[in-house]
Structure formats: structure tokens, C-alpha cells
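The values are calculated or read from the model by the stated rules, or taken from the named source; none is laboratory data. Every value quoted in this text rests on a predicted model; they were computed, and no experiment measured them. In this analysis, Cβ positions are derived from the backbone assuming ideal geometry, glycine residues included, and neighbour counts consider all displayed protein chains. Calculation scope for accessible area: heavy atoms of the full protein, side chains included, ligands and nucleic acids excluded. Shrake-Rupley method; radii C 1.70, N 1.55, O 1.52, S 1.80 Å.
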Amino acid sequence: MIEVRGLRKRFGAVEALAGIDLHVPAGTLFGLLGPDGAGKTTTLRCLAGVLAPDGGQVRVAGQDPVSPGARRRLGYVTQPPGLYGDLTVQENIVFFGRVYGLEPGVLRERIREVLDFTGLGPFAGRLADHLSGGMRQKLALACALVHEPDVLLLDEPTTGVDPLARRDFWTLLDRLRARGVAAVVSTPYQDEARRCDRLAFLWRGRLLAEGAPEEVRQLAPPGVLRLTGAPLAALRQVAAGCPSVRVAYADARGVTALGDDPERMRIEIEEGLGRAGLSAAVAPATAVLEDALIALTVAGEGA
Ligand SMILES: Nc1ncnc2c1ncn2[C@@H]1O[C@H](COP(=O)(O)OP(=O)(O)O)[C@@H](O)[C@H]1O
Ligand SMILES: [Mg+2]
């Protein structure tokens with residue numbers, strides 16, 4: 001449903017996309033990962049046909065995304081979602097339905113369908129400004145679905161939404177996948193990334209990895225050690241200073257050290273902790289997706 005080859009886009013001195021290839025079949029949830037400024041939004045804008053690429057090819061449902069034929073098959077949820085706060089839930093959906101030129105009879109039917117699908121029916125008369133974060137995102141989805149697109153583009157649709165509402169939202173994406181929709185969704189959340197069929201990891205406009213979540217996870221280096229103790233900043237500094245450690249980062253799991261030789265890493269880290277007068281448990285761990293992405297980023301920096 002989506003074919004991208006060699007996509008390039010530059011903003012002045014910034015190379016936002018340096019030649020990206022993507023392939024998204026029907027019935028696929030495709031995750032776009034990457035830190036701020038990686039090029040996720042730029043990619044989605046090019047796919048939506050609202051931004052002209054400098055180079056490369058984009059095909060949506062076999063067509064140029066700018067063509068009216070492709071537009072009718074595309075739904076796009078921007079970040080932040082483009083809703084009218086002083087219109088009700090139903091009025092927002094009506095507005096988007098008219099933009100897509102739906103006949104009144106069809107529109108009435110579609111409004112019922114998307115209200116039902118998103119569970120927003122009981123809130124049809126509420127002003128968009130008076131919705132919770134999670135319900136606003138569902139309304140944005142409802143508006144993007146009113147013309148029954150088979151390609152859906154979602155730019156961080158759940159950023160800032162509470163975890164329960166995020167899960168709810170992803171259940172809707174699962175149901176759309178089951179209907180054969182191809183969805184490209186950018187997200188900063190690892191738990192959401194794992195729910196995708198395929199992932200692309202973008203970094204400074206380059207595609208550093210692409211594949212099923214499990215394939216991407218396995219790109220983590222063989223040495224993954226987790227240090228638990230305190231203070232985390234000092235532990236991280238010790239680990240990062242070891243020659244066999246490629247990178248060390250701190251998060252809720254503690255400090256993670258990544259490298260090629262776990263045994264050498266452990267010895268060096270324990271020596272370093274002793275010299276610094278710190279004590280911490282150092283244990284080998286199974287890599288998570290985050291470990292692969294961080295290692296890829298460090299490798300990318302050296303390239
Ligand atoms: N309209 C624009 N004008 C100038 N620079 C831009 C514009 N849009 C994006 N950029 C730059 O392009 C890079 C990629 O941005 P973006 O696609 O928004 O990344 P992401 O969505 O992954 O955070 C960033 O360096 C950003 O500053
Ligand atoms: Mg963005």
C-alpha cells in the first residue's frame with residue numbers, strides 16, 4: 001500500500017531525510033521510531049502528500065500521494081491533531097466528511113460507524129475542547145476514518161496520553177489492521193513499538209534499522225549488563241568509562257552497559273566500581289528493543 005524509495009528532503013542546511021526506503025503492505029501496523037528531529041513527521045508529511053520531497057519516489061495505493069485518487073484513500077492524524085475545539089465531536093466528524101465530499105446519506109451512515117468504532121457515541125454533543133486527552137485522540141482518529149481510507153498515517157497519536165487510554169487506542173489500531181488497513185504510526189513508546197508488525201528506526205534522517213520488532217531487538221550487541229544500585233549517574237559514569245563498554249545509559253531498569261564481550265565488560269565495570277568506592281549488582285540481561293536502538297544510534301554517530 002505504501003512504497004517509498006530513496007526519499008530525500010532538506011530544509012536549508014538540515015538534511016531531514018537522507019534517502020529512506022519503506023514498504024508497507026495492506027493489513028500492516030508499521031511503526032516509525034526515532035528521537036526528536038529524526039525525520040518521522042517529515043516522512044509522514046511526504047507520505048500524506050502535504051510536503052513535496054526533494055528526491056525519491058513515494059507511492060500510496062500505487063499513486064502519487066498528491067493525486068486526488070490517493071487522497072481519497074488516505075487518512076492522516078497530525079501531531080497535534082487538527083481538531084476544532086469549539087465544535088462538538090459530531091460537528092468535527094461532519095466537517096471532515098464534507099471536506100472529503102461525502103454525500104449526506106453516506107455521511108450520516110459513516111458518522112454512526114466511526115462514533116461506534118471509537119466508542120465516542122455518548123459524547124457526540126461534547127465540545128472537542130472538553131474531551132480528555134485520550135478521547136481527543138480517538139476523535140482525531142474518527143475524523144481520519146470518516147471516508148474509509150485504507151492507508152492511515154498517525155503522527156505520535158498517543159503522546160502525552162495516559163497508559164490506559166494508549167492501550168485503548170492501540171486496540172482500535174489492531175481492529176483496523178484486521179480490516180486490511182495499512183497504518184504508519186510514529187511513537188516514542190517502546191511498548192507500542194512492540195505491538196507493530198514492522199518497525200523503522202530513523203535517526204538524523206537515516207534509516208538505521210527496519211524489520212519486525214523481534215528482528216530489530218536482535219540487533220542489540222551480545223554484551224548487555226544491567227547495574228542496579230545508587231546513585232545511577234555515578235554508576236553510569238563508571239560503566240561508560242570502561243574500554244569494553246560501547247555505551248551506558250540509565251533508565252527505570254537501572255544502568256545498562258552495552259558492548260561486545262560481556263565477561264570483559266563485567267570485570268572492567270566491577271574494577272571501576274571498586275576504584276570509585278561504589279557498590280552495585282552487575283548482571284547479564286536479555287536485550288530489550290531499547291538496547292538495540294541505543295547501540296544503533298552510537299554506531300550511527302561513529303559513521
Ligand atoms: N518546516 C521545517 N523547516 C525547517 N526545518 C524543519 C522543518 N520541518 C522539520 N525540520 C527539521 O527537520 C528535521 C526532522 O524533523 P521532523 O521530521 O519534525 O522530526 P521528528 O518528527 O522525528 O521529531 C529536524 O532537524 C527539524 O528541525
Ligand atoms: Mg515529529
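Observations on the structure shown:
- Between helix 163-178 and the chain there is an angle of about 60 degrees, using the helix long axis and the longest principal axis of the Cα atoms.
- P(r), alpha carbons of the stretch 126-179 - 5 Å bins starting at zero, rounded %: 4, 19, 31, 25, 15, 6, 0
- Residue-averaged 222 nm ellipticity for the chain, from DSSP H runs of 4+ at -39500 (n - 2.57), nearest 500: -11500 deg cm²/dmol
- The stretch 55-86 and the stretch 113-134 have Cα centres separated by 23 Å.
- With protein chains left intact and a 1.4 Å probe, residues in the stretch 223-286 average 49 Å² of accessible area per residue.
- Carbon/sulfur fraction of accessible area - the chain, other protein chains in place, 1.4 Å, %: 52 percent
- The long axis of helix 104-118 is offset from the longest Cα principal axis of the chain by roughly 30 degrees.
- Using only alpha-carbon positions in the chain, the gyration tensor eigenvalues give semi-axes of 42, 22, 15 Å once each is multiplied by 5 and square-rooted (largest first).
- For the pair the stretch 1-21 and the stretch 199-258, the centres of their Cα atoms are 27 angstrom apart.
- Among 50-56, 183-189, the order from most to least packed when residues are scored by Cβ within 10 Å on average: 183-189, 50-56
- Nearest 10 degrees, 0 to 90: helix 89-99 Cα axis against the chain principal axis: 70 degrees
- Solvent-accessible surface of the stretch 81-129, averaged per residue with a 1.4 angstrom probe and all protein chains in place: 56 square angstrom.
- Stokes-Einstein D (µm²/s) once Rh is taken as the Kirkwood radius of the stretch 185-243 over alpha-carbon pairs, at 37 °C in 0.692 mPa s: 235 µm²/s
- Across the stretch 90-151, the volume of the C-alpha convex hull divided among the residues equals 79 Å³ per residue.
- Cβ-Cβ distance of ALA13 and ARG167, R₀ of 51 Å, FRET efficiency by 1/(1 + (r/R0)^6): the value works out to about 0.80.
- Cα-only radius of gyration and Dmax that characterise the stretch 156-291, units Å: 18.1, 59
- The relative contact order of the stretch 2-217 comes to 31 percent, based on Cα pairs under 8 Å that sit 6 or more residues apart.
- Antiparallel bridge percentage (DSSP; both residues within the chain; nearest 5): 70 percent
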